[in-house]
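Reading through the structure tokens given below for one structure.
The values are calculated or read from the model by the stated rules, or taken from the named source; none is laboratory data. The model shown is predicted, which means the values in this text are computed figures rather than measured ones. Backbone-built Cβ (ideal geometry, glycine too); neighbour counts: all protein chains shown.
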Amino acid sequence: MGRELPVVAIDGPVGSGKTTVARLAAKRLGYVLVDTGALYRCLALAARHRGLSWEDGDKLGKLASSLRISFEEGDAGQKVLLDGDEVTREIREPDISQGASKVSVHKAVREALLNTQRDLGREGGVVMEGRDIGTVVFPDAEVKIFVAASAEIRAERRYNELIAMGEDVCLEETLREVKQRDQRDENRAVAPLKPATDAVILDTGPLSIEQVVNRVIDLVNDFLGARQPEP
Ligand code: DC
């Protein structure tokens, strides 16, 4: 017996718009939103607090298993709590973004966070966004989307986001960082960033975010419609 409600897997590279797409789609569907990047970000932050290297896969794997990470709906969007403390903003700082990408290459880390992610989505009725949701975490997800956009467009979005957060950044440096993270995410040995063979690829260059969200909702409705018994 399959799930009543689907797991909607939304994968894509940094700055593709997947986070916004996932948030809006979850809201319209009334589904739970799970930002899996936040798990890797929390791990990078926790390691930093403990003076643990982002290269030490074994220790990071153990740390990942012991962290308590939770999400809470707030007025200004979803809040992320790490061991009870709010870290929503801290985990978005450029340094922690690089750290998240670094800690995510380790097999022990990915294994430790795999069960956490599967537990969060098991019942369905969830929009889960990340890099490997449709390929590794939920290869049986009922709806799989890969959100794409060129590196230049993604860097510009990321730059505007960081400026809005009051960070002192330049566009060239942001583009370099986006490319560096792509390189690492796409080439790591374990669960590299790539579209699942059965994912629908949606490009937020030519398509507006709203068009992409509408397409996600259509795909979910197609799934739910196909589930209805014949009258
Ligand atoms: O989506 P994000 O930018 O918040 O993710 C931060 C980092 O975490 C990203 O560089 C790669 C890693 N990540 C991952 O490896 N697998 C996921 N499912 C989600 C994120």
Please state which of the following conditions V213 fails to meet, knowing it meets all the rest: (1) under 30 Å from E111 (Cβ atoms); (2) part of a helix (DSSP H, G or I); (3) more than 11 Å from the ligand (Cβ to nearest atom); (4) among the β-branched types (V, I, T). (1)
Of all residues in the range 81-99 being at pLDDT below 95 and among the small types (G, A, S), the one that is nearest to V169 (Cα to Cα): S97
Given G61, G51, which one is among the small types (G, A, S) and surrounded by 16 or more Cβ atoms within 10 Å (Cβ to Cβ)? G61
What is the one condition in (1) surrounded by fewer than 17 Cβ atoms within 10 Å (Cβ to Cβ); (2) in contact (Cβ under 8 Å) with a residue 40 or more places away in the chain; (3) closer than 25 Å to L60 by Cα; (4) not hydrophobic (A, V, I, L, M, F, W, C) that S150 does not satisfy? (3)
Within the range 3-37, restricting attention to residues that are within 16 Å of the ligand (Cβ to nearest atom) and on the phi > 0 side of the Ramachandran plot, which residue is surrounded by the fewest Cβ atoms within 10 Å (Cβ to Cβ)? G17
Subset of the range 176-212 that is crowded, with 18+ Cβ neighbours inside 10 Å and of a type in the set (V, I, T) - its residue that is farthest from R157 (Cα to Cα): V212
Just the residues that are within 10 Å of the ligand (Cβ to nearest atom) and outside any strand (DSSP E or B), please, taken from the range 123-133. R131, D132, I133
Could you tell me which of the residues L67, L81, L120, L114 is without any contact (Cβ under 8 Å) to a residue 40 or more places away in the chain and under 22 Å from A199 (Cα atoms)? L114
Which ones in the range 159-181 are at pLDDT 90 or above, of a type outside the set (S, T, Y) and closer than 23 Å to S208 by Cβ? N160, I163, A164, L171, L175, V178
So A108 passes all but one of these: (1) surrounded by fewer than 20 Cβ atoms within 10 Å (Cβ to Cβ); (2) near the ligand (Cβ under 10 Å from one of its atoms); (3) among the aliphatic types (A, V, I, L, M). Which condition number does it fail? (2)
Filter the range 18-27 down to the residues that are touching a helix residue (DSSP H, G or I) at 6+ places or on another chain (Cβ under 7 Å) and within 17 Å of V143 (Cβ to Cβ) and list them by number. V21, L24, A25
Answer yes or no as to whether E173 is touching a residue at least 60 places away in the same chain (Cβ under 8 Å), surrounded by fewer than 16 Cβ atoms within 10 Å (Cβ to Cβ) and more than 24 Å from A9 (Cα to Cα). no
